[in-house]
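The values are calculated or read from the model by the stated rules, or taken from the named source; none is laboratory data. Quantities reported herein were computed from a predicted structural model and do not represent experimental measurements. Note that each Cβ is placed from the backbone with ideal geometry, even for glycine, and that neighbours are counted across all protein chains shown. Each accessible area value is taken on the protein alone, full model and side chains, heavy atoms only, with ligands, DNA and RNA left out. Shrake-Rupley method; radii C 1.70, N 1.55, O 1.52, S 1.80 Å.
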Amino acid sequence: MKWPAHGSNPAHLYESLQMDQPECITDFSVNVNPYGPPPSLQANWESWLASVSDYPDPYGQTVTGQIARLNGVTDQQVVLGNGAAELIQFLGQLWRGQKVVIAQPAFSEYEAACRVYGCEIDNVFLNKGGSLPVHELAAKAHDAAALFICTPNNPSGLAFPVEEIAQLLECLSSSGCKVVIDEAFYDFAGSSTVVPLLQDYSNLIILRSLTKMYAIAGLRIGYLLAAEPLALQIARFRPHWNVNAIALKAAETVLADPSFAERSRKRIAAERERMFQFLEKQGFQFTRSVVNFYLLRDPVLEDQKPLFLFLLKKGIVLRHTYNYPGLAGRWLRTSVKTEAENNQLREALLEWKKHN
């Protein structure tokens, strides 16, 4: 069968599997903030209606300025996108027909976007345990146009040390290879970021998303940081008005309130640790994620499909890993949700263990 390429669409998944969808669904395949958008969005939502009758600022100058100040860069180093996925499309266009290296497993859109533009894809797999094979990556990427690394990693939730990223940037600084660091989930992990490396490495590109932490995936907004010449080169692919007026208003609002991210991070970390203690006690294997999702498996099974289907019948939707190179269904990805929702998963896993 053709497995759905992404999470967050349970109806499509049940249809693909030719399964009846239970009346009540808890979707653990989507990895946005389980506590929903900041209250400030709801408070301002009605007042934003007037902005839909006119075209948005094509450059998103207010939001661009906020992002630049928060990250200690210039406005010219920021490129806004209709979600990080659009920015990845820009990068695919930039490196059309060239070789691209991807540290796998990783977000599937890197490969999908680059293949659309005829790129040659070379996958390098993470070490056992999920660490970066720095020397292998440097060797493979030396004659490539770009290297993609996702940290914190999707799907494992593991973060790679900034020192290793710096080592790679240094190795590739004279090669012409650009290093793309996808930090879409960095704000769930704390303050660790590669942004300070921008001042020393002109071959660094950083991808960020506002949709994950702020639970606004339907609005679509992300951004990219790079040295000014490189950012301007990428910005050429931006169509006018690619970020809509409501998304710009929402971004302006959430960026002005860092306390929301801090509160969310603490609540999610507490729930994540509670789930880890449960999983360890029950004999499940899992990745020691630092974000709002993690990989999970029953070590009795090589292919996790029986567990996946068992949970689906219970109305609990996890993310399969059949389209993650290097994983091939040996793990399931699940998000950290609210206490009540996590308890549903715990109860289902206990029932699974009881009968298996």
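Structure summary
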item: Cα-based Rg / Dmax (Å) for the stretch 208-281; result: 17.1, 53
item: For the stretch 4-105, Kirkwood radius (reciprocal of mean inverse C-alpha pair distance, Å); result: 18.4
item: Segment E23-S131, extension gain: residue separation times 0.36 nm, minus the distance between their alpha carbons; result: 34.8 nm
item: Dipole axis of the chain (+1 Lys, Arg; -1 Asp, Glu on Cβ), positive-most option in Q21, V291, P39; result: Q21
item: With 5 Å bins from 0: P(r) over the stretch 77-131, alpha-carbon pairs, percent; result: 5, 20, 25, 21, 16, 10, 3, 0
item: Segment Y14-V162, extension gain: residue separation times 0.36 nm, minus the distance between their alpha carbons; result: 49.3 nm
item: The stretch 47-99 - percent of accessible surface contributed by carbon and sulfur, probe 1.4 Å; result: 49
item: Rough spin-label spacing in nm, given labels placed 7 Å along Cα→Cβ, for A43 and D75; result: 2.7
item: Debye, to nearest 20: dipole size of the stretch 144-204, +1 on Lys, Arg Cβ, -1 on Asp, Glu Cβ; result: 160
item: Exposure rule at most 13 other beta-carbon atoms within 10 Å, DSSP loop trypsin sites (Lys or Arg not before Pro): the chain longest free segment; result: 129-235
item: Stokes-Einstein D in µm²/s, Kirkwood radius over Cα pairs - the stretch 176-334 at 37 °C with 0.692 mPa s viscosity; result: 177
item: Residue of E273, E163, E183 that the Gaussian network model of the chain assigns the largest fluctuation, springs spanning Cα pairs under 10 Å; result: E163
item: HN-Hα J in Hz across the stretch 142-158 - Karplus 6.51, -1.76, 1.60, θ = phi - 60°, x for Gly and Pro; result: 4, 10, 9, 6, 7, 10, 9, 9, 9, 9, x, 6, 10, x, 6, x, 7
item: Zone of S192's modelled label, taken as backbone nitrogen in the stretch 311-351 under 19 Å from a point 7 Å along Cα→Cβ; result: 336
item: Label selected from [x] 20.1; [y] 22.6; [z] 21.1, the criterion being Kirkwood radius over Cα pairs in Å as computed here; result: [z]
item: Mean accessible surface per residue for the chain, computed with a 1.4 Å probe while every protein chain stays in place, in Å²; result: 44
item: Simple label model, 7 Å out from Cα along Cβ direction - E262 to S173, nm; result: 3.4
item: Over the chain: helical MRE at 222 nm, DSSP H runs n ≥ 4 each giving -39500 (n - 2.57), nearest 500; result: -11500 deg cm²/dmol
item: Cysteines without a disulfide-compatible neighbour (Cβ-Cβ under 4.7 Å), the chain; result: C24, C150, C171, C177
item: Net dipole in debye of the chain [+1 Lys, Arg Cβ; -1 Asp, Glu Cβ; about Cα centre; nearest 20]; result: 640
item: GNM result for the chain, Cα springs below 10 Å: residue of L158, L168, L70 fluctuating most strongly; result: L70
item: Whole-angstrom Cα spans of the stretch 283-356 along principal axes, big to small; result: 32, 29, 22
